[in-house]
Amino acid sequence: MGQQDIDDAVRLAAGKDAAILFVGRQEEWDSEGHDLPDMVLPGAQNALIAAVAAVNPNTIVVLQTGGPVEMPWLDRVTSVIQFWYPGQEVGHAVADVLSGVAYPGGRLPQTFPLRMKDNSAWSDDTLTYPGKGGHVRYDEGVFVGYRHHDSFNVPTLFPFGFGLGYTEFDWGDAKADAGVMTEAGIAVTVPLANTGKTDGVEVVQLYVRPDTMKADVPVARPEKELRAFARLKLKPGERGTAELRVLPRDLAYFNIGRQRWVAPAGRYELVVAADAGDIRQRLPVDLQAEWSEPA
């Protein structure tokens, strides 16, 4: 793409009701056989988006990539749709989503960092990233994705589980059927209501966070870990209830020395959230005695 192409796009977009830009990567960039050198859209695509957005305030960006990209133009466009690689029906699918025929009910299955260096794999050691002599050392441990961003307070562009739609949802108070964890587990319910004017989908996430524990833990634990989620589809004015359950195993970490999953006695939090960065409520739970996986 050259400057003439960008100039042509600007001319076409100026004065129109909306401008829709399809940008992204292809198999030359997204591959399991090599690592990306950065998270920048290839070529002059960022310049294209910025130029079109400057003449059309209703610019929509459709991203076709296999993973996150930096978005320096984000605050200048109306919306961004992450469409991954949908195949030959992409035109019809995007048209359905943009027109409201289909609801954009998906949620991000991974964290979108602000920049490449915010990724948990990034290191000044080339053996860690991008590798050296055909070898790579994985140092992240359990601190990948949202676990990395949460635990080390690394800001995100979009958090794990993020997603918007065409309606609004009212969340009621989450309730747990017990405050003490037993072998039967704990059920959590979250009432939801679609307060908008169209059918919609909402997702409720449930994380577990160690709060205080009565025993030393020999491993570092993330700030919180996803343990359950529920997806509700509601019509305008309709109410529903997200139902989630956690078991003692959901409080555990893997103890290498004992070669089994172990949950130390102590206080935990059940964190109710819309996504990893949008926490709605915290429910305290006590585990009165250590739980361990049967031998």
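Return only the number of the condition from (1) in a helix (DSSP H, G or I); (2) buried (at least 18 other Cβ atoms within 10 Å of the Cβ) that VAL69 does not satisfy.
All conditions are met except number (1).
Consider THR182 carefully, then state whether it is out of contact with any Cys (no Cβ under 6 Å at 6 or more places or on another chain) and assigned to a loop (DSSP other than H, G, I, E, B).
yes
Out of all the residues in the range 90-104, which are assigned to a helix (DSSP H, G or I) and either among the basic types (Lys, Arg) or in contact (Cβ under 8 Å) with a residue 12 or more places away in the chain (or both)?
Scanning the range 90-104 gives VAL90, VAL94, VAL97, LEU98.
For residues that are within 16 Å of the chain's Cα centre (by Cα) and either modelled with pLDDT under 95 or closer than 25 Å to ASP286 by Cβ (or both), tally how many sit in the range 166-211.
So the answer is 4.
In the range 181-198, is there at least one residue being basic (Lys, Arg), over 24 Å from VAL246 (Cβ atoms) and assigned by TED's automatic domain parsing to the domain that holds LEU244?
Here is the first cut: in the range 181-198, the residues basic (Lys, Arg) are 197.
Remaining after also requiring over 24 Å from VAL246 (Cβ atoms): 197.
From what is left, the residues that are assigned by TED's automatic domain parsing to the domain that holds LEU244 are 197.
Checking the range 181-198: at least one residue is basic (Lys, Arg), over 24 Å from VAL246 (Cβ atoms) and assigned by TED's automatic domain parsing to the domain that holds LEU244.
Can you run down the residue pairs with Cβ atoms below 6 Å, 6 or more apart or on separate chains, where the first is in the range 154-179 and without any contact (Cβ under 8 Å) to a residue 24 or more places away in the chain and assigned by TED's automatic domain parsing to the domain that holds GLU238 and the partner is in a strand (DSSP E or B) and small (Gly, Ala, Ser)?
ASP177/ALA187
Would you mind stating whether LEU74 is of a type in the set (A, V, I, L, M), under 30 Å from LYS132 (Cβ atoms) and either assigned by TED's automatic domain parsing to the domain that holds GLY91 or surrounded by 15 or more Cβ atoms within 10 Å (Cβ to Cβ) (or both)?
Judged against the criteria, LEU74 is not a match.
Taking the residues in the range 1-53 that are crowded, with 19+ Cβ neighbours inside 10 Å and within 30 Å of VAL136 (Cα to Cα) as candidates, determine which candidate is nearest to the chain's Cα centre (by Cα).
MET39
For THR111, which of the numbered conditions (1) within 25 Å of GLY165 (Cβ to Cβ); (2) out of contact with any His (no Cβ under 7 Å at 6 or more places or on another chain) fails to hold?
Evaluating THR111 over (1) within 25 Å of GLY165 (Cβ to Cβ); (2) out of contact with any His (no Cβ under 7 Å at 6 or more places or on another chain) leaves (2) as the failure.
Go through (1) more than 23 Å from TYR129 (Cβ to Cβ); (2) modelled with pLDDT of 95 or more; (3) under 21 Å from the mean Cα position of the chain (by Cα) for LEU108 and report which single condition fails.
Result: LEU108 fails condition (1) only.
Can you tell which of PRO130, PRO113, PRO155 is of a type outside the set (S, T, N, Q) and closer than 29 Å to VAL94 by Cα?
Numbers: PRO130 fails: closer than 29 Å to VAL94 by Cα; PRO155 fails: closer than 29 Å to VAL94 by Cα.
Of the residues listed, the single one that is of a type outside the set (S, T, N, Q) and closer than 29 Å to VAL94 by Cα is PRO113.
Taking the condition of being surrounded by fewer than 17 Cβ atoms within 10 Å (Cβ to Cβ) and either among the aliphatic types (A, V, I, L, M) or modelled with pLDDT of 95 or more (or both), how many residues in the range 81-91 meet it?
Number satisfying all stated conditions: 1.
Test each condition in (1) in a strand (DSSP E or B); (2) without any contact (Cβ under 8 Å) to a residue 40 or more places away in the chain; (3) closer than 30 Å to ARG258 by Cα for VAL144 and report the one that comes out false.
(1)
Of the residues LEU234, LEU251, LEU247, LEU270, only one is assigned by TED's automatic domain parsing to the domain that holds GLY200, more than 19 Å from LEU206 (Cα to Cα), of a type outside the set (Lys, Arg) and touching a residue at least 60 places away in the same chain (Cβ under 8 Å); which?
The conditions single out LEU234.
The values are calculated or read from the model by the stated rules, or taken from the named source; none is laboratory data. These numbers come from a predicted model, not from an experiment. Methodologically, a virtual Cβ is constructed for each residue, glycine included, from the backbone with ideal geometry; neighbour enumeration extends over all protein chains shown.
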